[in-house]
Each structure stands twice: as C-alpha cells, then as structure tokens.
Amino acid sequence: MASLESVLQGVQVLGPVQESQRKILTPQALAFLALLQRSFNPTRKALLERRKIRQAELDKGALPDFLPETKHIRDDPTWTGAPPAPGLVDRRVEITGPTDRKMVINALNANVWTYMADFEDSSAPTWDNMVNGQVNLYDAVRRQVDFKQGGKDYKLRTDRKLPTLIVRPRGWHLEEKHVTVDGEPMSGSLFDFGLYFYHNAFETVKRGFGPYFYLPKMESHLEARLWNDVFNVAQDYIGMPRGTIRGTVLIETILAAFEMDEIIYELRDHSSGLNCGRWDYIFSVIKKFRQNSNFVLPDRSCVTMTVPFMDAYVKLLIQTCHKRGVHAMGGMAAQIPIKDDPAANEKAMEGVRADKLREVRAGHDGTWVAHPALAAIASEIFNKHMPTPNQIFVRREDVTIGANDLLNMNVPGKITEEGIRKNLNIGLGYMEAWIRGVGCVPINYLMEDAATAEVSRSQLWQWVRHGVTTAEGKRVDKGYALKLLKEQAQELAAKAPKGNKYHLAAQYFSGQVTGEDYADFLTSLLYNEITSAGTPKPASKL
C-alpha cells in the first residue's frame, strides 16, 4: 500500500482548522477521503452528466417509464434486501435535524427510535457546520457530547437506550470546496460519508448499532450502484465485513420512483429500505417536467399526499419495499407547536395525527418528525396500529401502479396570489437564513428546509413560464412575479433585524422566478456565498 505521505500529495484543506476539529481532520482520515475521491469522483461526474442528458430528453417531451433493460430484476420474486440490522428493526418514529451540538443532544434525548443527523437539506454547508457536525457526531457516538451554554447544562439522558443514529450526507451533486484532491473540489457526499465512517464505524458496532446512512436525491439505480461500490471499498479499507453499512434511500425524485426495485437491488446487502421524501418529490416533478404544460400544479397547499401522483408513489414504495423485505418509511411532519394559540395548535396537531394515521394504515414501517413534541403523537398512532416492530409482512398485493399513475397530475385546486406570496415568503425566508449559515427555518409554524424552498421556487418559475392565470384573474408573467417578489422582500427585510440578507436573497431569487434561467439546485446556486476558502494547507501538514 502507498505511504501516507504519497497518498496525501495533492490533498489540500482550504478551510481554517480549529483545535477541536483536529481529531476529525487527521492525516489518516484525509487519506481515506482522497482514496474515495480518486476512486469514485469520475463516476460521480459521469452520472451527473447523465442527469443533464436525461433532462434534455424530458424538456423535449419524453416521459419516464419503467426500464425495459431491468425488467428481469423487477419480475424476479426470489431476491431480497438485507434483513434489518441491529438498531434498525423498529423505526416507528424517526426525528431529523441538523448536526449542531444542541440539536444532537435534543434529538438523542427525544422519545423516538432513531435520529437522522442531517448534513444535507436542513444544514447550510458552511465549513464550520460540516466539520463541527462531524465533531458532534464523533462525541455523540461515544456519549461524550454534553456541554454547557448560557448557564444551562445540555446532557444525554441515561435512563434509557438512546435512539439509533443514522447520518444523511449531501447528495451527489454537491461539492465540498474547502477540500481539494488533485486540484478538484471533493464530493460533498464522499466528504460527509467518509469522515463519519472512518472515525465511527467500529465504535458504532461496538455500541450495538452500526454505520447507518440515509442517501438523498438519487435519480437512478446507477447512482445507488455507486453508493454500494463506495460502501464495499470503505468496509474493505478498514477491515470491516461487507454488509455492516446500511443505507436507506430517500425516493425524492420522480425518476427514482420508476427504479425503486433496481435501487434496492443495487444496494442489496446494504439496503435498509426506502423513504418517501415528499417535498423533494414534489419539487422533482415540477423540476423535471418544468417545460411541459401538462405538469403545472396548483398552490402548494393543494398538493397533498392523497392527490393521484403522490398516492401512487406511496403505494408503489410500500409494495416494493415489503416485497423485498426492507422498511418503507413515511414522510415528514414539519409542524412546530404553536404555543401562544391553543386552538390553532390543536388544529395543526390534528393534521399531524391524520397524516400519521394515513401512513400506518397504508403500510409504512415508520415516520418522520421535525420536533420532539410531535414524537408523542406519531408514537401513539404507530403503537396503536402497528403492534409489531415493523409491518414488512403487509405486502400490499392489492396495489397495481403503472407509469400513468405516477404521472397523473389531476390535482384539484387553483393558483392564487396568496399562494404566490406564500411561495415567495418561504423561498426568501429560507434563502436568507441559508446565506447566514442556517439550514432549517421555522416559518408559519412549519420547519422549512431546502426541499420546501425548492418547491416554492420551482412553482413560481413554472407558473411564469406557462403564463398561468390566478383565481383572481391575473396573468402570472415576469413583471408580476418580480413586483410581488420586491414587495415581499421589502416587507420581510423591514421586519427582520438589521444586517439581514433578504435583499441578497431577493437578488438570487429574482433570477429564478421569471421562467427563464433555472438553477439545478438552490443550494448549488448559493454555495459560493457561504464558502470561506483561505490559504491552501497541504493535508500532511495539518
């Protein structure tokens, strides 16, 4: 094997490294990252090019279908995914959130079964957020994450077993510009996965669980194959048995919905199921078919889980997962308790109950909450209707879903000026916070993250592009969209503390709502605003 020094040639760290971060950014860990980057970045880039080619086909009117070349995989009833791993047999309520130290403690203290620590949609990828998040998870795995702040002690509870930790790295499209390998920025996915795995894989197994991941934003089974290859190389590198890693794939793109069997198949020994990433899924439908007037959707509030294309997606996901012996996880309850209005709070919580009841009755094995206070509601519903640790035995053989069902855009509802303003508020509110380094934001008692901002941005683009008319009779064109954007930005900026970033957010947003330019992801569009690349430091000198 090559010497450490030779492997680290060409590896540079451009972000400042604090003393507390040195245990994460060790030369050995950076050598592991370099191995992953050199082995897999060419494939990653080729798969991203493949996405562009696919988008060009969709822009010309092509529609997705189940792949003829993988029909033999879908039709073969004999193969399954891996049996549930330790700590992942019962996942009835999962809490999700970013990796700041306070959140990590609060999530692990919540009455839930697992905690998805998120480097992706609810984290703004500043250098400090990403590296300190790794420090926090390193300490949390070892139960050494307690700290004091403002005279208050934050401590992990010791009266019961803590939830199983699952980590969500960034998607394949994002880069980590603060680390370069051979002159190229690192893949954000490989950076997040690699650091957590390298430092914690053996420790997690020792403590009764394992290196577990949520895998976001995939668009094809070939992207799952890449993750599986990464997992095999990583396990071989540290001498860990293959199959120890488990990955739950978020089905949050319309193209991945046509390849669910194939995605589980690619990850087989590493698969821990699929999850309904509902807001990203709606974003993906709008994004992929943005040039197609048949896919224009009404106000975001009308696009519920019971409309035809969302209902079909849920049913197919549950049927596919259970056929293959893996978990089918439900979606997010993003509500936050409304402390100063009991009536409004009760109405919101009734909505959560109804949503969780729909999920458990459909056959989901678990669900997500964004706030610890919602865990009790979700637990009560799942405990009552799912007395077993999961319901993989619910086969849903009554379900028959075809391509037309997944693409059925018969969604009742209208486009209103209120809907436009809500989208502008959510988009601006999220982008403003993101530029300040905050990745999840409470807006109108909902925890908004990148996915909901993307729905807002994409709907506005789509409505202008296709010149829709609002319920009030107003044609939505570029001038109208920019006028409302300016009004909302001024209103939000006036209410916010001095030094806010609303006008900068509006500058970026204005290029995204005119039906002309369309960035692949808001996070990619804004990323340079939060990079802090300084003088390159050779990894061997850290």
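Some observations on this one:
- Here G479 does not fit the description of being at pLDDT 95 or above, in a loop (DSSP other than H, G, I, E, B) and more than 30 Å from W127 (Cα to Cα).
- For T416, the stated conditions hold: it is closer than 30 Å to A257 by Cα and either open to solvent by 20 Å² or more (accessible area, probe 1.4 Å) or touching a Ser or Thr at 6+ places or on another chain (Cβ under 8 Å) (or both).
- Meets criteria (small (G, A, S), under 25 Å from the mean Cα position of the chain (by Cα), open to solvent by 40 Å² or more (accessible area, probe 1.4 Å) and within 20 Å of T180 (Cβ to Cβ)) for S39: yes
- Residue in the stretch 149-169 that is crowded, with 19+ Cβ neighbours inside 10 Å, free of Cβ contacts under 8 Å to residues at least 40 places away in the same chain and under 18 Å from N200 (Cα atoms) present: no
- Only one entry in I263, I251, I238 is under 18 Å from the mean Cα position of the chain (by Cα) and more than 13 Å from R324 (Cα to Cα), namely I251.
- Condition met for R207 (in contact (Cβ under 8 Å) with a residue 24 or more places away in the chain and open to solvent by 10 Å² or more (accessible area, probe 1.4 Å)): yes
- Taking residues in the stretch 525-537 that are under 13 Å from T180 (Cβ atoms), and partners anywhere that are open to solvent by 60 Å² or more (accessible area, probe 1.4 Å), the pairs with Cβ atoms closer than 7 Å and at least 6 places apart or on different chains are T531/K177; A533/K177; G534/P16; P536/Q12; K537/Q12.
- Taking the numbered list (1) closer than 13 Å to W227 by Cβ; (2) part of a strand (DSSP E or B); (3) not aliphatic (A, V, I, L, M) in turn, G273 passes all entries but (1).
- Taken over the stretch 412-446, residues that are in a loop (DSSP other than H, G, I, E, B), at pLDDT 95 or above and closer than 27 Å to E472 by Cα amount to 5.
- Residues of the stretch 419-447 that turn out to be under 23 Å from M310 (Cβ atoms) and open to solvent by 60 Å² or more (accessible area, probe 1.4 Å), as a count: 3
- Check on K315, within 15 Å of R465 (Cβ to Cβ), modelled with pLDDT of 95 or more and touching a helix residue (DSSP H, G or I) at 6+ places or on another chain (Cβ under 9 Å): no
- Residue within the stretch 455-469 that is buried (at least 18 other Cβ atoms within 10 Å of the Cβ), part of a loop (DSSP other than H, G, I, E, B) and within 20 Å of the chain's Cα centre (by Cα) present: no
- Qualifying residues in the stretch 485-504 (those that are under 13 Å from A433 (Cα atoms) and in a helix (DSSP H, G or I)) - the one most open to solvent (accessible area, probe 1.4 Å): H503
- Counted residues, the stretch 410-447 - those being more than 24 Å from the chain's Cα centre (by Cα) and farther than 18 Å from E491 by Cα: 7
- The stretch 362-391 residues that are farther than 16 Å from M116 by Cα and basic (K, R), paired with ones that are open to solvent by less than 20 Å² (accessible area, probe 1.4 Å) and modelled with pLDDT of 95 or more (beta carbon under 9 Å, 6 or more apart): K384/V360
- Among the residues listed as Y430, Y445, Y480, the single one being touching a Lys or Arg at 6+ places or on another chain (Cβ under 8 Å) and not β-branched (V, I, T): Y480
- When residues in the stretch 309-361 are screened for being over 16 Å from N383 (Cα atoms), touching a residue at least 40 places away in the same chain (Cβ under 8 Å), among the small types (G, A, S) and in contact with a strand residue (DSSP E or B) (Cβ under 8 Å, 6 or more places away or on another chain), 5 of them pass.
- In the stretch 69-115, the qualifying residues are those that are free of Cβ contacts under 8 Å to residues at least 60 places away in the same chain and in a loop (DSSP other than H, G, I, E, B), and the one that is surrounded by the most Cβ atoms within 10 Å (Cβ to Cβ) is T99.
- So Y508, is it surrounded by 15 or more Cβ atoms within 10 Å (Cβ to Cβ), closer than 19 Å to D121 by Cβ, of a type in the set (F, W, Y) and touching a residue at least 12 places away in the same chain (Cβ under 8 Å): yes
- Here R225 fulfils each of the conditions (1) under 24 Å from A328 (Cα atoms); (2) open to solvent by less than 10 Å² (accessible area, probe 1.4 Å) apart from (2).
- Listed by position, the strands (runs of 3 or more DSSP E) inside the stretch 141-244 whose residues that are not hydrophobic (A, V, I, L, M, F, W, C) number at least 3 are 152-154, 175-181, 184-187.
- The combined condition, being closer than 26 Å to V411 by Cβ and at pLDDT 95 or above, is fulfilled by Y281.
- Checking the stated criteria, E219 turns out to be among the acidic types (D, E), under 20 Å from the mean Cα position of the chain (by Cα) and open to solvent by 10 Å² or more (accessible area, probe 1.4 Å).
Here is a yes/no grid of residues against (1) in contact (Cβ under 8 Å) with a residue 24 or more places away in the chain; (2) open to solvent by less than 10 Å² (accessible area, probe 1.4 Å); (3) out of contact with any Phe, Trp or Tyr (no Cβ under 9 Å at 6 or more places or on another chain); (4) of a type in the set (S, T, N, Q):
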position: T248; (1), (2), (3), (4): yes, yes, no, yes
position: H270; (1), (2), (3), (4): yes, yes, no, no
position: Y281; (1), (2), (3), (4): yes, yes, no, no
position: C302; (1), (2), (3), (4): yes, no, yes, no
position: T306; (1), (2), (3), (4): yes, no, yes, yes
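The values are calculated or read from the model by the stated rules, or taken from the named source; none is laboratory data. None of these values were measured; they are calculated from a predicted model. With ideal geometry, Cβ positions are generated from the backbone for all residues, glycine too; neighbour counts draw on all protein chains shown. Each accessible area value is taken on the protein alone, full model and side chains, heavy atoms only, with ligands, DNA and RNA left out. Shrake-Rupley method; radii C 1.70, N 1.55, O 1.52, S 1.80 Å.
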